[in-house]
């Protein structure tokens with residue numbers, strides 16, 4: 001007797017149709033995955049992550065595949081630079097597709113979680129290549145309405161203050177603002193010039209108001225990391241002491257709020273709001289110089305908080321004893337705790353900072369370029385980071401690799417500001433450091449190759465970068481004859497023609513020294 005499945009012919013047809021649809025969708029998804037994979041292999045991981053990772057497949061209509069990107073800029077870039085290749089890959093993987101349309105994705109109301117590779121998801125559509133969302137916010141942080149960094153931040157954990165608490169407390173709303181999420185201890189590069197200040201900041205973050213560290217006074221030049229350390233202290237206290245309230249503001253903001261309180265006759269509310277915090281952080285205290293009334297209010301606030309066992313952290317461009325214009329009583333109080341200075345950066349620290357920033361950006365920067373920047377830009381870390389950011393942005397926008405020549409072209413204005421007159425002594429010192437030999441070897445009689453070759457390089461650079469005559473150059477290298485200098489110059493030029501690595505070394509030294 002023939003058995004029946006119990007399913008009608010129409011039901012079996014619907015099931016077959018549904019199965020065919022699922023199969024077609026699977027084939028389409030697999031084809032799209034192969035297209036993305038082949039494109040990644042062709043352009044490289046960095047370029048793929050920068051421009052193509054956020055592509056999503058909206059579907060296929062007839063013989064046209066529709067690819068979406070989150071912004072108009074990305075759409076135009078991918079359409080202009082990768083459109084033809086996308087079409088060719090689609091035709092190879094999915095013969096039914098003859099055209100590829102690149103569009104801007106519509107914003108999703110509630111994007112799903114990101115996929116494993118971060119490609120083709122609604123969540124990834126919310127981010128631009130530079131790690132910012134469509135509103136220009138940095139990951140983990142946000143900008144205020146003016147697009148400027150907020151000068152005041154009151155930080156609590158969710159356990160200490162629920163999200164709705166600020167709405168219920170107008171005073172908290174007035175003082176609340178986010179800290180910069182980039183400025184943490186983990187992202188702070190430690191070196192000899194800043195290791196003491198870093199250790200002090202760590203100690204305060206772990207044990208606020210501990211004896212000998214209250215107040216903590218950080219001082220140093222512009223762009224050396226004072227503000228970074230202050231924000232790092234605030235973030236660390238937030239994590240380790242969730243019940244404590246941290247208020248961070250610039251001295252300028254302190255003054256403006258104090259003046260506003262005087263005008264509105266609300267000075268008592270101003271005083272109470274400050275005295276209610278557990279940690280008060282004032283950045284750039286030198287701004288209060290000459291502001292006698294504001295200094296007096298800060299002095300009383302300072303005393304009230306310290307007497308109550310609260311932590312004070314202050315930064316300035318000079319030590320308390322050198323801040324002429326501050327009241328003596330305030331200067332004395334500031335100097336009674338821990339005073340930590342941040343020195344000018346060294347070459348090693350600048351190079352470490354560049355390496356850390358390049359790694360965080362996920363962009364390959366040749367070591368020679370980072371060494372060049374670390375040698376040339378010595379004023380402050382902000383300018384150094386700005387130069388690196390400009391190089392990365394230029395490389396991303398134009399799809400070109402970062403090179404020494406490109407760096408010199410893109411950063412010509414910054415480098416020109418740092419140019420200086422080159423001397424033979426400086427050339428000798430820089431070459432000796434580069435090749436790890438003693439400076440005295442430049443004028444010694446030693447003929448070992450590891451000494452003679454760097455000496456010849458230094459002579460070559462002295463001839464190229466200074467107006468000194470051959471006999472004078474010879475005298476600076478241990479009273480050598482001018483024919484020795486001539487031989488060194490010709491020998492180095494010959495080796496540069498034969499050895500690309502050697503030529504690159506000499507070129508790097510020249511770029512770091514030239515005016």
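At a glance:
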item	result
Residues satisfying the stated conditions in the stretch 187-211, i.e. in contact with a strand residue (DSSP E or B) (Cβ under 6 Å, 6 or more places away or on another chain) and either at positive phi or buried (at least 18 other Cβ atoms within 10 Å of the Cβ) (or both)	194, 197, 200, 204, 208, 209
Subset tally (residues that are closer than 24 Å to residue 190 by Cβ and either in a strand (DSSP E or B) or in contact with a helix residue (DSSP H, G or I) (Cβ under 8 Å, 6 or more places away or on another chain) (or both)) for the stretch 321-347	7
In the stretch 496-509, the residues that are surrounded by fewer than 17 Cβ atoms within 10 Å (Cβ to Cβ) and free of Cβ contacts under 8 Å to residues at least 60 places away in the same chain	497, 498, 499, 500, 501, 502, 503
Considering residues of the stretch 311-332 that are modelled with pLDDT of 85 or more and buried (at least 21 other Cβ atoms within 10 Å of the Cβ) only, the residue nearest to residue 227 (Cα to Cα)	315
Yes/no for residue 258 being touching a helix residue (DSSP H, G or I) at 6+ places or on another chain (Cβ under 6 Å), more than 30 Å from residue 378 (Cβ to Cβ) and crowded, with 16+ Cβ neighbours inside 10 Å	yes
Residue 172 being modelled with pLDDT under 85, part of a helix (DSSP H, G or I) and either closer than 24 Å to residue 333 by Cα or over 16 Å from the mean Cα position of the chain (by Cα) (or both)	yes
The stretch 277-297 - residue that is touching a strand residue (DSSP E or B) at 6+ places or on another chain (Cβ under 9 Å) and assigned to a loop (DSSP other than H, G, I, E, B) and, of those, farthest from residue 253 (Cα to Cα)	278
Number of positions in the stretch 467-482 that are assigned to a helix (DSSP H, G or I) and in contact with a helix residue (DSSP H, G or I) (Cβ under 6 Å, 6 or more places away or on another chain)	6
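The values are calculated or read from the model by the stated rules, or taken from the named source; none is laboratory data. From a predicted model like this one, the values you see are computed outputs, not experimental measurements. Neighbour counts are summed over all protein chains in view; Cβ atoms, including those assigned to glycine, are modelled from backbone coordinates with ideal geometry.
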